[in-house]
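The block underneath contains the structure these notes are about, expressed in structure tokens.
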Amino acid sequence: MTPDPIKARLLDGQALAVLIQQQEIAPQVAAFVSRHGRPPGLAIVLVGENPASEVYVRNKLKSGAGVGFRADLERLPATATLQDVLALVDRLNRSPLYDGILVQSPLPKTLGADAAQRVYDSIAPEKDVDGFAPESVGRMVQNRPALVACTPSGIIELLVRERIPIAGRHAVVIGRSDIVGKPMAMLLLHRDATVTICHSKTPDLAAVCRQADILVAAVGRAGLVTKDFVKPGATVIDVGMNTLTDLAAVQRMYPDGHPRLARFREKGSLLVGDVHPEVADVAGALTPVPGGVGPLTITMLMVNTLRAAQTILSTPR
Ligand code: NAD
């Protein structure tokens, strides 16, 4: 008789996010307010009207308010120039109300290909709560105290709290972006994993991924990671956030009668990860989409903003 397939333990990022925000961050914010007479301040810059960005920004503002921050939206129209964005960041850099500044990406294409980097470069390092500015990246690479990119630091938080060993394990990261793949690889390295980074030019991707004890998929391709990518018992972290609007694509991931297929029919779209659901039969642990990495990304933004505020107010001016 063949043994029953492994059914992966689901790593509940949503529950962990609520716990960290309510039980750890909110009390520290209350202590900060009684000590300094003002809450930590987070300013979020949104340029133009990208529907996905509107949702992300709304969630970040809501979480910020929920932990007791001053969390404000600074909007610029789609017609804004790069100079307008840089001038706004400059004003926020100088403002004593804000300890953290986040410029929501993507910026409108009309601002030019290097606009995002130029904007990140202009954020004061002590307020760089996304961790994308060069000083933050450099310090993170050198494993010195820094504001670290939220998605990879949220994943480390999840692995640590779920007691998934990192040291001495083989971690494979698919994706080499500046905001997820590269910092993820670096943080795993700092925790003594042996790290392999894969990308769109990696030959025989599945064979490389099958060596992983910890597999992180940060690609942006629905269901790319199938069973044959995964060593039995491995931990699989699904960073991908892909909105499917095509029935055939949804059917490639979910069989007839699956509740998520019904949800797609109801809404006309479905948020899915880079990891195919069949991976749950092989992996030891798996993050769901939604409800895995996403809520922890927002939580680490709260952690970074609180840290930035504490550092700013403890540094003599
Ligand atoms: P990106 O487009 O900047 O990078 C994608 C990476 O995937 C690239 O390095 C590319 O080389 C690699 N890639 C592309 N096709 C590949 C293939 N066929 N095989 C192997 N590698 C391939 O994307 P990103 O900003 O790093 O985001 C990746 C995904 O994570 C997206 O779906 C994004 O929406 C999601 N994301 C989620 C969160 C969250 O909080 N959950 C945060 C950031 C990004």
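The values are calculated or read from the model by the stated rules, or taken from the named source; none is laboratory data. The structure displayed is predicted, hence computed values, not measured ones. So basically every Cβ, Gly included, is an ideal-geometry build from the backbone, and we count neighbours across all protein chains shown. Note: areas computed on protein heavy atoms with side chains; ligands, DNA, RNA excluded. Shrake-Rupley method; radii C 1.70, N 1.55, O 1.52, S 1.80 Å.
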Problem set entry | Selected residue (criterion: surrounded by the most Cβ atoms within 10 Å (Cβ to Cβ)) from residues of the stretch 210-226 that are farther than 18 Å from Asn242 by Cβ and touching a residue at least 24 places away in the same chain (Cβ under 8 Å) | Ala212
For this session: Please indicate, with yes or no, whether at least one residue in the stretch 304-315 is modelled with pLDDT under 95, more than 16 Å from the ligand (Cβ to nearest atom) and not in a loop (DSSP other than H, G, I, E, B).
Result: yes
Exercise. Can you tell me which residue in the stretch 199-209 is nearest to the ligand (Cβ to nearest atom), limited to those that are within 24 Å of Ser153 (Cα to Cα) and over 19 Å from the mean Cα position of the chain (by Cα)?
Worked result: Ser200
Seminar exercise, completed: When the stretch 33-80 is checked residue by residue, the ones that are touching a residue at least 60 places away in the same chain (Cβ under 8 Å), within 14 Å of Ile101 (Cα to Cα) and not in a strand (DSSP E or B) are Pro40, Lys60, Gly64, Phe69
For this session: Output the residue which, of all residues in the stretch 167-198 that are among the basic types (Lys, Arg) and more than 9 Å from the ligand (Cβ to nearest atom), is farthest from Ile214 (Cα to Cα).
Result: Arg191
For this session: Scan the stretch 144-160 and report the pairs whose first residue is part of a helix (DSSP H, G or I) and whose second residue is of a type in the set (D, E, K, R), with Cβ atoms within less than 8 Å and a gap of 6+ or a chain change.
Result: Cys150/Asp130; Ile156/Arg191
Exercise. Which of the residues spanning the stretch 87-134 are of a type in the set (Asp, Glu) and open to solvent by 40 Å² or more (accessible area, probe 1.4 Å)?
Worked result: Asp90, Asp114, Asp121, Glu126
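What number of residues in the stretch 222-243 are under 16 Å from the mean Cα position of the chain (by Cα) and in a loop (DSSP other than H, G, I, E, B)?
Residues in the stretch 222-243 being under 16 Å from the mean Cα position of the chain (by Cα) and in a loop (DSSP other than H, G, I, E, B): 3 in total.
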For this session: Tell me which of these Ile174 doesn't satisfy, since it passes every other one: (1) open to solvent by 10 Å² or more (accessible area, probe 1.4 Å); (2) modelled with pLDDT of 95 or more.
Result: (1)
Problem set entry | Check on Ala167, assigned to a loop (DSSP other than H, G, I, E, B), within 30 Å of Asp281 (Cβ to Cβ), in contact with a strand residue (DSSP E or B) (Cβ under 8 Å, 6 or more places away or on another chain) and not hydroxyl-bearing (Ser, Thr, Tyr) | no
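For (1) away from the ligand (no atom under 14 Å from the Cβ); (2) part of a loop (DSSP other than H, G, I, E, B), each residue gets a yes or a no:
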residue: Gly220; (1), (2): no, yes
residue: Asp256; (1), (2): yes, yes
residue: Pro288; (1), (2): no, yes
residue: Ile298; (1), (2): no, no
